[in-house]
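*Asks:* Before anything else, here's the structure in question.
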Amino acid sequence: MTTFDELTAWAGTGDVIRADPAVVSGRQIPGEQKALLVDAGIPVVDQLIEYVSFQMEAAPALQTSTGRSLYLLTQNHHGDLVPGLQWSFGVEPGTGTVYYVLPQGEAWFANSSIDLWLRTLHHYGLHVSESEVLRDPDDREDEALAELRILADELKKIDPPAFDGYHGFIWAEFLDRWLW
């Protein structure tokens with residue numbers, strides 16, 4: 001299981017937000033997954049998570065285009081590139097499965113559980129923070145692409161179902177478009 005200290009080692013103390021136990025206590029997700037939100041928290045991750053945003057409502061509030069409701073975990077406005085649009089990570093009641101929800105509500109599979117999502121975020125964030133090539137990929141595109149392929153293989157080992165496809169699976173597409 002990922003810890004608060006592991007996340008803050010690369011994200012920084014101010015960029016890992018822990019859930020208030022009272023806020024998540026009534027959520028219909030597995031108990032150990034709730035505990036991770038409280039104990040480890042969620043990191044801010046470049047290009048993926050700008051804001052950690054634990055919803056205050058007891059019922060799932062993040063609506064998907066299929067009518068499914070998720071508990072909101074994060075928000076990303078991509079620097080308000082297109083004003084008013086929001087991308088979010090949300091967790092499915094009952095299962096604890098994490099999805100990345102696009103502005104129109106299309107929910108893409110992210111990870112099989114909050115635990116595996118945090119492990120994936122941690123491995124990704126740590127790798128990028130330590131990579132000279134990925135921190136400054138200009139004029140090193142081939143090296144960066146090779147490193148992203150290695151990173152994708154490592155992330156696949158954490159949660160193989162997260163890489164069972166391309167369209168509708170956030171990690172495969174995100175890593176493929178990382179340089180752009």
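*Asks:* Could you tell me whether the range 5-18 includes any residue that is assigned to a loop (DSSP other than H, G, I, E, B), more than 22 Å from Gly125 (Cβ to Cβ) and modelled with pLDDT of 95 or more?
*Replies:* Taking the range 5-18 and keeping what is assigned to a loop (DSSP other than H, G, I, E, B), we get 12, 18.
With the extra rule that they be more than 22 Å from Gly125 (Cβ to Cβ), the set shrinks to none.
No; the residues of the range 5-18 include none that is assigned to a loop (DSSP other than H, G, I, E, B), more than 22 Å from Gly125 (Cβ to Cβ) and modelled with pLDDT of 95 or more.
*Asks:* Can I ask one more? I need a count of the residues in the range 148-175 that are in a helix (DSSP H, G or I), farther than 22 Å from Val133 by Cα and either of a type in the set (A, V, I, L, M) or touching a helix residue (DSSP H, G or I) at 6+ places or on another chain (Cβ under 6 Å) (or both). So that I can check it myself, show each step before the final result.
*Replies:* At the first step, the residues of the range 148-175 found to be in a helix (DSSP H, G or I) are 148-158, 160-163, 170-175.
Retained after the next criterion (residues that are farther than 22 Å from Val133 by Cα): 157-158, 160-163, 170.
Next, from what is left, pick out any that are either of a type in the set (A, V, I, L, M) or touching a helix residue (DSSP H, G or I) at 6+ places or on another chain (Cβ under 6 Å) (or both): 158, 162-163, 170.
Total meeting the criteria: 4.
*Asks:* Could you tell me which residue of the range 104-147 is farthest from the chain's Cα centre (by Cα), considering only residues that are free of Cβ contacts under 8 Å to residues at least 40 places away in the same chain and assigned to a loop (DSSP other than H, G, I, E, B)?
*Replies:* Per the stated criteria, the residue is Asp139.
*Asks:* Here is a list: Leu145, Leu151, Leu81. Which entry is of a type in the set (A, V, I, L, M) and either closer than 27 Å to Leu36 by Cα or modelled with pLDDT of 90 or more (or both)? Spell out the reasoning first.
*Replies:* Values: Leu145 fails: either closer than 27 Å to Leu36 by Cα or modelled with pLDDT of 90 or more (or both); Leu81 fails: either closer than 27 Å to Leu36 by Cα or modelled with pLDDT of 90 or more (or both).
Among Leu145, Leu151, Leu81, only Leu151 is of a type in the set (A, V, I, L, M) and either closer than 27 Å to Leu36 by Cα or modelled with pLDDT of 90 or more (or both).
*Asks:* Now a separate question. Of all residues in the range 98-116, which are more than 16 Å from Gly165 (Cα to Cα) and of a type outside the set (A, V, I, L, M)? Spell out how you get there, then give the answer.
*Replies:* Just the residues of the range 98-116 that are more than 16 Å from Gly165 (Cα to Cα), to begin with: 101-105, 113-116.
Passing the criteria: Pro103, Gln104, Gly105, Ser113, Asp115.
Yes/no per residue for (1) in contact with a Cys (Cβ under 6 Å, 6 or more places away or on another chain); (2) polar (S, T, N, Q); (3) exposed (fewer than 13 other Cβ atoms within 10 Å of the Cβ); (4) over 17 Å from Ala110 (Cβ atoms):
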| position | (1), (2), (3), (4) |
| --- | --- |
| Thr2 | no, yes, no, no |
| Thr8 | no, yes, no, yes |
| Ile17 | no, no, no, yes |
| Gly26 | no, no, yes, yes |
| Thr66 | no, yes, yes, no |
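*Asks:* Taking Glu32 as the residue in question, decide whether it is in contact with a helix residue (DSSP H, G or I) (Cβ under 8 Å, 6 or more places away or on another chain), among the charged types (D, E, K, R) and at pLDDT 90 or above. Steps first, answer last, please.
*Replies:* Numbers: in contact with a helix residue (DSSP H, G or I) (Cβ under 8 Å, 6 or more places away or on another chain): yes; among the charged types (D, E, K, R): yes; at pLDDT 90 or above: yes.
For Glu32, the condition - in contact with a helix residue (DSSP H, G or I) (Cβ under 8 Å, 6 or more places away or on another chain), among the charged types (D, E, K, R) and at pLDDT 90 or above - is met.
The values are calculated or read from the model by the stated rules, or taken from the named source; none is laboratory data. For clarity, every value in this text was computed on a predicted model and none was experimentally measured. Because the Cβ atoms are built from the backbone with ideal geometry, glycine has one as well, and the counts that use them run over all protein chains shown.
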